[in-house]
Amino acid sequence: MGAGPNSRGAAAERRTRIHVVSDVHGNTEALARAGDGADALVCLGDLVLFLDYADHSRGIFPELFGVESADRIVALRTERRFEEARDFGRGLWAGMDRNAAIVSAVRKQYAEMFAALPAPTYATYGNVDIPGLWPEYAGPGTTVLDGERVEIGGRVFGFVGGGLQTPMRTPYEISDEEYAAKIEAVGEVDVLCTHIPPDVPELTYDTVARRFERGSRALLDAIRRTRPRYSVFGHVHQPLVRRMRIGATECVNVGHFASTGRPWALEW
């Protein structure tokens with residue numbers, strides 16, 4: 001049977017819909033639904049839940065040391081008393097194999113979360129992720145990219161994972177120079193996907209934690225220079241501004257997934 005008279009028009013009108021999430025932090029149930037109705041899911045990292053700053057009973061830390069210890073370390077970090085927080089943490093970890101305990105807990109979380117990812121998923125690392133473990137859990141439907149590009153629905157997406165070095169010393173923090181090199185390797189793209197935001201105060205200030213997170217100056221420079229259609233990122237859970245335009249680029253924070261369970265949709 002031949003094609004109907006409207007088949008060519010229908011094909012021309014075919015639209016692409018991408019769902020974007022970041023900062024999953026253990027919300028596996030919502031992650032399993034995040035790709036519903038989309039052609040692909042983009043995940044910008046921070047799958048691991050080490051410590052939930054909103055609910056101190058959730059995460060690896062309280063599982064190991066209890067809620068009271070979690071209350072204490074959150075208070076110290078929120079007050080930016082990082083040395084005291086590290087001293088307190090060292091006391092808790094004394095006599096334990098810290099790396100083995102964390103890796104064991106992360107493996108359990110990764111097994112559940114990677115199994116929940118729909119196909120296709122395009123993902124990069126967050127600053128609390130452990131990249132060395134991802135190849136063990138990422139199935140054939142998940143493409144992991146870091147400093148790399150991919151075409152989705154006719155548009156070019158660039159991915160840069162990880163965070164910059166901070167006093168928090170999370171697992172995947174890298175130097176400004178290494179981060180800038182990955183931004184440079186991505187080059188000109190339609191959608192620039194990163195875990196951390198560009199270095200703009202309104203985008204880096206967390207209104208609940210009451211502090212500035214580290215954004216990337218190299219990312220900001222690349223946005224101004226290469227003018228992607230979109231810059232999407234997470235990392236800052238409760239930003240002062242969730243969306244703003246920098247020149248020709250729409251900058252969108254999608255780092256609310258753990259609390260809302262709702263992906264951000266991009267359609268063309």
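Quick note: the coordinates plus some simple rules give every number you see, no bench work behind them. Everything quoted here is computed from the prediction, not taken from an experiment. All Cβ positions, even for glycine, are placed from backbone atoms using ideal geometry, and neighbour counts span all protein chains on display.
Okay, here's what the table says:
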quantity	calculated
Amide H within-cut-off set for Ile174, under 5 Å, with H built and near neighbours excluded	Gly163, Leu164, Gln165
5 angstrom amide H check on His256, placed H, neighbours 5+ away	Ser22
³J(HN,Hα) computed for each position of segment 43-48 - Karplus, 6.51 cos²θ - 1.76 cosθ + 1.60, integer Hz, glycine/proline x	10, 9, x, 6, 6, 6
Rh (Kirkwood; distinct C-alpha pairs) - segment 4-148, Å	17.3
Full-stretch length increase - Val208, Asn99 - with 0.36 nm per residue and alpha-carbon distance subtracted	36.3 nm
Relative contact order [Cα under 8 Å, 6+ residues apart], the chain, whole percent	21
For segment 177-195 and segment 63-120, distance of Cα centres in Å	29
Cβ charges +1 (Lys, Arg) and -1 (Asp, Glu), total dipole of segment 37-195, debye	380
Packing rank of 205-216, 229-240, 73-84, 150-161, where each peptide gets the mean count of other beta carbons within 10 Å, highest leading	229-240, 150-161, 205-216, 73-84
For segment 122-268, the spread of Cα positions along each principal axis, largest first, Å	40, 36, 34
Spin-label pair Glu29/Thr260, simplified geometry with 7 Å Cα→Cβ offset, distance in nm	1.9
Other-chain or far-sequence residues with amide H under 5 Å of Cys251's (modelled H)	Ser231, Met244, Arg245, Ile246
DSSP-defined beta bridges in the chain - what % are antiparallel, rounded to 5	40
Mean residue ellipticity (222 nm) of the chain, computed from DSSP H runs ≥ 4 via -39,500 (n - 2.57), nearest 500	-9500 deg cm²/dmol
Relative contact order, percent, segment 13-88 [alpha-carbon distance under 8 Å, six or more residues apart]	22
³J(HN,Hα) computed for each position of segment 253-268 - Karplus, 6.51 cos²θ - 1.76 cosθ + 1.60, integer Hz, glycine/proline x	8, 10, x, 9, 5, 4, 8, 9, x, 10, x, 8, 9, 10, 9, 8
